[in-house]
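The values are calculated or read from the model by the stated rules, or taken from the named source; none is laboratory data. Note that this is a predicted model, so its numbers are computed, not measured. Methodologically, a virtual Cβ is constructed for each residue, glycine included, from the backbone with ideal geometry; neighbour enumeration extends over all protein chains shown.
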């Protein structure tokens, strides 16, 4: 049976590019968003490139739904070889105006969803002693900016989860990686909301989703004696 690559948070930019990259690499891409209908353009793209795809709509914060997702993929597609958590939840708000409800939701999207994916992936990968679990981080994973208390808290928690998983699962044959994407990405949101920043694209000053995705595939293929746990990606012009 062919292997599967589950991408939680397969949006129109980075997540979709990651799904398409793993499909080109020979796995069956399983892009996941809240609604399956939103994945139709991505599924068409993957099919047009000769890849295989099973689009699934589910809520990554729902424990039962995540268990069902992995059960379905293993039954209908094949063993999960790669699991990627790519939910962003980047929503700025002053600490003076932040609410408990919003803060909790951001944490659920960033951290709880990542935990549920990692646990379900690990439960299936460990008996086979192989597999790759990757988490998409951000600048907020390593430093909290003004107005990003909720996002930084969630992304810091996700980074800690990745470290804990790597230490426990590495000896069991599972490669766990955390990718810090530090910089603006070539998306419709950046183009429409930050035109000055988007103008840097002409000089390779913002991240190309396809180039980000290529690094995820590279991590999956790393030999066990030279695994990368944390990889940071940023344009040459980004300060760090």
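Structure data summary
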{"read-out": "Number of positions in segment 185-213 that are touching a residue at least 24 places away in the same chain (Cβ under 8 Å) and under 19 Å from residue 88 (Cα atoms)", "value": "10"}
{"read-out": "Looking only at segment 157-182, and only at residues there that are outside any helix (DSSP H, G or I) and buried (at least 22 other Cβ atoms within 10 Å of the Cβ), the one that is modelled with the lowest pLDDT", "value": "181"}
{"read-out": "Looking only at segment 192-213, and only at residues there that are surrounded by fewer than 16 Cβ atoms within 10 Å (Cβ to Cβ) and touching a helix residue (DSSP H, G or I) at 6+ places or on another chain (Cβ under 8 Å), the one that is nearest to residue 174 (Cα to Cα)", "value": "210"}
{"read-out": "Test: residue 150 is in contact with a helix residue (DSSP H, G or I) (Cβ under 6 Å, 6 or more places away or on another chain), in contact (Cβ under 8 Å) with a residue 24 or more places away in the chain and either more than 18 Å from residue 11 (Cβ to Cβ) or surrounded by 22 or more Cβ atoms within 10 Å (Cβ to Cβ) (or both)", "value": "yes"}
{"read-out": "Options 137, 114; residue that is assigned to a strand (DSSP E or B), under 23 Å from residue 234 (Cα atoms), touching a strand residue (DSSP E or B) at 6+ places or on another chain (Cβ under 6 Å) and at pLDDT 95 or above", "value": "137"}
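Residue by residue, here is whether (1) surrounded by fewer than 18 Cβ atoms within 10 Å (Cβ to Cβ); (2) closer than 20 Å to residue 219 by Cβ holds:
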site: 9; (1), (2): no, yes
site: 19; (1), (2): no, yes
site: 26; (1), (2): yes, yes
site: 55; (1), (2): no, no
site: 69; (1), (2): no, no
site: 92; (1), (2): yes, no
site: 102; (1), (2): yes, no
